[in-house]
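Trainee: Please find one structure pasted underneath; my questions will follow.
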Amino acid sequence: MFHWEKRRAAQSPAPCHYSLWAEVDGQRRIQADLYPDAGFKSTGLFWNGEWYGPAEPDWADALQANPFLGAPILFPTPNRVRQHAFTFADRRYEMIKNGSPRAQHGIAFDSAWAHGDPVVEPDAVSLTATLEIRPGDANYAAFPFPCRLTVCYRLTAHALQFGYRAENLGGTDLPYGIGLHPCFSLRDAQEPVHVMIPARAVYEVTPDLLPTGALLTLEKDKNWQVDRGRDLREFCLDNGFLLQSGEDTLLRYPARSTQLRICTTPEFTVSVLYTPVALGHLPAAPHPLFFLEHQTCCTDAINLHEAGVPDTGLLILPPGAAHEGGIDYIFEELKQ
């Protein structure tokens, strides 16, 4: 029932990837593709004959040219960092990797992860990979906190599960956040998708999308009312929302008779909804796209935490400590 295959795109030297899938009655039911040599991002997400995100081969060129298509892992600084620098425990750090400032999406997304082969279980197929930040490597130059991030993607007959374990390998506190940056594709510009994000507030931002530290109510702007199951086409957003604890995010696809339920562990307190088509971005994409990104902290969280701002979601691990969590993407059939 569960299978995997190692693949390489026709364009060389494109990184290899692993396809994981499950079959029911001889038909492919669910699939996800994983790229451990390219930040261990996932792409595609196939369910019952439909693709829910950019997938090879149609999107091969775009997936290779843009590391943020698919679902890259955002670590240790989800989203933006003001002027690619942060202050923690009264010390300032500049995030520069291989000579390039890192002001957005952290440093894991273009790193090669150590991994073995996928493992087939009775009820799933999984792939585990590890990224270590150690003195002397390019990631340590950008984020000088020794740590290890282990991620397991597990594909069941109905869900893609993302599980992580963060470990502090150093002698000082480790400030960090983690998130996923999933890209979802539609059939066409007319396909309805109803979004329900259990938001309780939106982060006020500057024109360059950095939080001011203030939280605003959803009632202040109809464009922020993402908690009511409205059609995605009504929104023009690139905004972060503070979530209600313990509630799931829902994406309903009525034309596909499918619902995608997104469940997280409690530390995932923020969701970012980005609608690039409405904002006039990514005009060359083969199909309309949107991004729905769950993360443990808000944008620029370390700097805001240092300034005493509440509700940043910043995670801090003491020396030798570890923390585990995850996100599940669960497919459900909609009743007619």
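The values are calculated or read from the model by the stated rules, or taken from the named source; none is laboratory data. Because the structure is predicted, anything quoted here is derived from the model rather than measured. Positions of Cβ are generated from backbone atoms using ideal geometry, with glycine treated the same way; all protein chains shown enter the neighbour counts. For accessibility, only protein heavy atoms count, side chains too; no ligands or nucleic acids. Shrake-Rupley method; radii C 1.70, N 1.55, O 1.52, S 1.80 Å.
Trainee: Using the structure shown, decide if Asp248 is within 20 Å of Leu218 (Cβ to Cβ), in contact (Cβ under 8 Å) with a residue 60 or more places away in the chain, open to solvent by 10 Å² or more (accessible area, probe 1.4 Å) and of a type in the set (Asp, Glu).
Mentor: no
Trainee: Still on this structure, please answer the following. With respect to Leu334, determine if the residue is buried (at least 17 other Cβ atoms within 10 Å of the Cβ), aliphatic (A, V, I, L, M), closer than 17 Å to Leu186 by Cβ and touching a Phe, Trp or Tyr at 6+ places or on another chain (Cβ under 9 Å). Write out each step before concluding.
Mentor: On the way: buried (at least 17 other Cβ atoms within 10 Å of the Cβ): no; aliphatic (A, V, I, L, M): yes; closer than 17 Å to Leu186 by Cβ: yes; touching a Phe, Trp or Tyr at 6+ places or on another chain (Cβ under 9 Å): yes.
Answer is no for this residue.
Trainee: Further question on the same structure: Of all the residues that make up segment 307-331, how many are farther than 14 Å from Glu267 by Cβ and assigned to a strand (DSSP E or B)?
Mentor: Keep residues of segment 307-331 that are farther than 14 Å from Glu267 by Cβ, which gives 307-310, 318-320, 328-331.
Add one more test, that the residue is assigned to a strand (DSSP E or B), and what stays is 328-331.
Total meeting the criteria: 4.
Trainee: Now for a different question. Under the condition of being among the acidic types (Asp, Glu) and part of a strand (DSSP E or B), which residue from segment 224-245 is most open to solvent (accessible area, probe 1.4 Å)?
Mentor: Asp238
Trainee: Can you spot a residue in segment 11-18 that is in a strand (DSSP E or B) and not hydroxyl-bearing (Ser, Thr, Tyr)? Even if it seems obvious, please write down each step before you answer.
Mentor: Pass one, segment 11-18, residues in a strand (DSSP E or B): 16-18.
When the remaining residues are screened for being not hydroxyl-bearing (Ser, Thr, Tyr), the result is 16-17.
Yes, because at least one residue in segment 11-18 is in a strand (DSSP E or B) and not hydroxyl-bearing (Ser, Thr, Tyr).
Trainee: Look through Thr312, Thr275 and report the one residue that is in contact with a helix residue (DSSP H, G or I) (Cβ under 9 Å, 6 or more places away or on another chain), open to solvent by less than 50 Å² (accessible area, probe 1.4 Å), without any contact (Cβ under 8 Å) to a residue 40 or more places away in the chain and not aromatic (Phe, Trp, Tyr).
Mentor: Thr312
Trainee: Take segment 134-153 and flag every residue that is assigned to a strand (DSSP E or B) and in contact (Cβ under 8 Å) with a residue 40 or more places away in the chain.
Mentor: Those that are assigned to a strand (DSSP E or B) and in contact (Cβ under 8 Å) with a residue 40 or more places away in the chain: Cys147, Leu149, Val151, Tyr153.
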